[in-house]
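Bear in mind that the values in this text are calculations on the coordinates, not laboratory data. Predicted, not measured: the structure shown is a model, and the values here were computed from it. Heads up, the Cβs are rebuilt from the backbone with ideal geometry, glycines too, and the neighbour counts pull from every protein chain shown.
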Amino acid sequence: MSETSVIGLRRPKGLAARAALFTCVLLIVTAVLSAATVMFGALRESAHHQLNVTRGLAVHLSNISGDMLAAGDMQSLAVMAQQTAARTEVLRLAIYDGDGAVIVQSEGNAAESAVTLRVARRVLRESALSHERAAGGLAIGAPIVREGRVVGVALIMWDDMAYRFEALPALAPFLLILACLVLGGVPITAHFVRRAVAPLDTLSAFAERIAENGEAEPIDLRTGDEFETLATAFNKMIGRLNASMKQIQEIAFVDPVTRLPNHDRFVREVDYAIMQRGEQGAGAVAVFELQRLPKLLQTLDQDAARDFLRVVAERFVASTRTVDRVVRLRSKEQQQAMPARLSAAEFAVFVPEGVSQSDAARFGQHLNAALNQTFEWRGHKLTLGACCGVALAPRDGREAETVIRHARMAISAAQSSPARIKVFTQSLDREAVARVTLEREMRGALERNEFRAYFQPKINVATGKVEGCEALARWIRPDRTIISPGRFIPVAEESGLIGALSDAIMREACWKAAAWSRSGHPAKVAVNVSALQFRSDRFADQVLRVVQHAGLAPSQLELEITESVVMQDPDRALRVIHPLKEAGIRLAIDDFGCGHSSLATLSKLPFDVIKIDQQFIRALEKDANAAAIVEMILALSRTLNMEVVAEGVERREDMEFVASRGCHWVQGFLFGAAMPAAEFAQMLRRQAGDDIDAEDAEDAA
Ligand code: C2E
Ligand code: MG
Ligand code: MG
């Protein structure tokens, strides 16, 4: 079915049909009216003609009758009258004398004779022709004039049909032509009307296509009339509309800085792929969090920030293309992987068409490595700290939002993995739920002051005495169960509660240490610093304020910062610790040996203490390498003039080993686990040989 006929069907009372109908009706009405007019004229003409003919005949009869009357030839008159009356068209014939008396007459009925008599008398009276219509005939009388005098009347009544003009047969050709005109004219008119309104149909079809699809190819109408003007206007209008739509789509679906698809577009594409491929495996989503990016952008002006983001996006897109070819071995028919920018510091890539978990992981790994390579930009060397989470669709979600959420969840787990990439698993989801619950409980616990500092003794190897301690956070639940930091510190860091928590521990540690000093049993107190705390610009100020409030000598406080945090950004570490160092606070590198310290960096950082990670101490028993590592760390610290603490000492042999190699401090279950402040104070007093009972009450307070 053609386009126009479809439109025609949809528009049964279309303009063309209405125009054709109107023209046909007009034609028919015109034909009927003209036929009626002609017929009416013909009938009138017929009556006129009949009158003229009969009048002529009557005059002729009166002349003949007059001649015969003058000659007194009554016989001939009678014969003539008889012969004339015998004609079928003559209904009646009569000759009257000057007094109105019948001289001759044909046979007929009384009504006819009454009419003829009336007409005869009128002719005699008026001396002129006269006529009158009677039933079925026309009576006409003509005066018989002799020598200027009316001597009689010749009267004849003709049959109505006798000299009538036959209009119908005469008009037949005309009516035939008219009928042909009407019959031929209707389809021809319809055809021309249709042709005339055809451009309108094209315009209507165009308008309908736009209404249905929101777009259409431009129309080409070259009629040279208003239709063409209308078509040109339509094309211009749609051109503008398309441009606006494109602009709107760009605003809605394209990241303005990087020109990459944005979050909404990404979600649409993933949803579409899930809908299309379903169980066959829609693809994988890898989300990359650029953890240093927000801070970095803050230091740049707007133009520079946009420029740098574009550089990052270019590398991301180029790497995606390369990795797509290398990892997926993508053929030409396969859909390309789609890079996108999900939020300010989040890029993502959708790898379509059923990739395996291992391929997805490799995809993420390569891209993450590419993003983590230093950017050399405008003379700066910048690193982004990218972290990647991968989730598979529909395995990890039947909706794009769920898949993305799970990939983000995997990012949290990826922070602690060496390659900083993790593929989502269901256990991560369960962990996430448990984390959320824990986070909620922690908020309440912070308000109720359930987080307390416990103190693990540190022994000075030189004196063999407890001269210091490490403050370790404990969550003491109302039911007296104690939760260790391994469970709540990561959650506190993720939720941002670490700030409040660390403040509480730092405050308690400083106040307690100050109290011990005041009571004559000084002990250095070491407090752990989380990665998040260390990243805060206000960190040094906060520590100094707490120390001052507590009235603690700064040299009595030691801050433990893990090796990995220090080495992530040594320049920053140097900046942060500088004011603390100036104030006299001691600084320790915690869990040393696990990270990747470079000797050059280590020598530049003004740390006072190295804490050997407990895994090396524990391994001393079985692993000869561990002993070598411990010896090496001790030698290094001597060179750098740093004190060394051996953590996790549980066996006397280990204590003797580290002591013999020049270790300054030992800490571990061999000497005591972390204990409440009162217990630790008691330990200090006992060591000093003081009267323990006397001061117990003070500690309890
Ligand atoms: P860390 O700073 O390396 O603390 C030493 C950990 O080793 C403590 O675990 C301590 O109880 C444990 N430990 C000490 N001696 C021994 C031993 O002989 N054998 C064994 N097996 N373990 C020993 P804890 O208290 O569970 O703390 C774990 C980690 O949580 C700490 O490691 C520290 O990184 C973090 N942490 C603890 N409290 C705080 C805090 O207040 N703030 C921050 N930011 N982190 C904290
Ligand atoms: Mg520590
Ligand atoms: Mg440690």
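Assorted remarks:
- Debye, to nearest 20: dipole size of the chain, +1 on Lys, Arg Cβ, -1 on Asp, Glu Cβ: 1060
- Cα-based shape type of the range 359-489, given that a ≥ b ≥ c are square roots of the gyration tensor eigenvalues and the cut on a/c is 1.5: oblate
- Each residue of the range 210-224 is assigned a 3J(HN,Hα), and the resulting list reads 5, 4, 7, 9, x, 7, 6, 5, x, 9, 10, 10, 10, 8, x Hz, derived from the Karplus form 6.51 cos²θ - 1.76 cosθ + 1.60 (θ = phi - 60°), x at Gly and Pro.
- Close amide H pairs (under 5 Å, H built 1.01 Å from N) link Met675 with Phe455, Gln456, residues at least 5 positions away or on another chain.
- In sequence order, calculated HN-Hα J values of the range 502-516 (Karplus, 6.51, -1.76, 1.60; Hz; x Gly/Pro): 5, 4, 4, 5, 4, 4, 4, 4, 5, 5, 5, 4, 5, 5, 4
- Distances between every pair of Cα atoms in the chain, grouped in 10 Å steps from 0 to the bin holding the largest one, split as 3, 10, 12, 12, 10, 7, 5, 4, 4, 4, 3, 4, 4, 4, 4, 3, 3, 2, 1, 0 percent.
- Interchain or long-range residues, amide H under 5 Å from Ser130's placed H: Gly141
- At full extension, Ile248 and Ala114 could sit 38.0 nm farther apart than now, given 0.36 nm per residue minus the alpha carbon distance.
- Cβ-Cβ FRET estimate between Gln542 and Asp359, R0 fixed at 35 Å, reported to 0.05: 0.15
- Approximating the spin labels as points 7 Å out from Cα along Cα→Cβ, the Ile28-to-Asn213 distance works out to 4.2 nm.
- Val59-Leu168 FRET efficiency (beta carbon distance; Förster radius 35 Å; 0.05 resolution): 0.75
- For the set Lys465/Lys512; Lys422/Lys622; Lys381/Lys604; Lys465/Lys604; Lys381/Lys611; Lys465/Lys611, the pairs lying more than 23 angstrom apart at their alpha carbons are Lys422/Lys622; Lys465/Lys604; Lys381/Lys611.
- Magnitude of the charge dipole for the range 129-205, about its Cα centre and with charges confined to Cβ atoms of Lys, Arg (+1) and Asp, Glu (-1), is about 160 debye.
- A Förster radius of 60 Å, combined with the Cβ-Cβ distance separating Arg480 from Arg395, puts the computed FRET efficiency at roughly 0.90.
- When Lys236, Lys581 are arranged by Cβ crowding within 10 Å, least crowded first, meaning fewest neighbours, the order is Lys236, Lys581.
- The fraction of all Cα pairs in the range 67-134 landing in successive 10 Å bins from 0 to the largest distance is 20, 50, 29, 1, given as whole percents.
- In straight-distance terms, cross-link reach from Lys246 covers every one of the lysines whose alpha-carbon lies under 21 Å from its own, apart from those fewer than eight places away in the same chain; here that gives Lys236.
- Projecting the Cα positions of Ala410, Leu438, Leu21 onto the charge dipole of the chain (unit charges on Cβ atoms of Lys, Arg, Asp and Glu, taken about the Cα centre) puts Leu21 furthest along the positive direction.
- Computed from backbone phi with θ = phi - 60° and the Karplus coefficients 6.51, -1.76 and 1.60, the 3J(HN,Hα) list for the range 261-271 is x, 8, 4, 4, 5, 4, 4, 4, 4, 5, 4 Hz; x is used for glycine and proline.
- Were the residues from Gln335 through Ala628 laid out at 0.36 nm apart, the gain over their Cα-Cα distance would be 100.1 nm.
- Under 5 Å from the amide H of Phe375 lie the amide H atoms of Leu382, Thr383, each residue being 5 or more positions distant or on a separate chain, with H modelled from the backbone and absent for Pro and chain starts.
- Both numbers refer to the Cα atoms of the range 254-424; Rg and Dmax are 15.2, 49 Å.
- Think of the chain as a dipole: +1 on every Lys or Arg Cβ, -1 on every Asp or Glu Cβ, centred on the Cα centre; then among Val287, Phe174, Ser660, Phe174 lies furthest on the positive end.
- Debye equation applied to the C-alpha atoms of the range 449-607, log10 I(q)/I(0) at 0.09, 0.10, 0.11, 0.18 Å⁻¹: -0.29, -0.36, -0.44, -1.20
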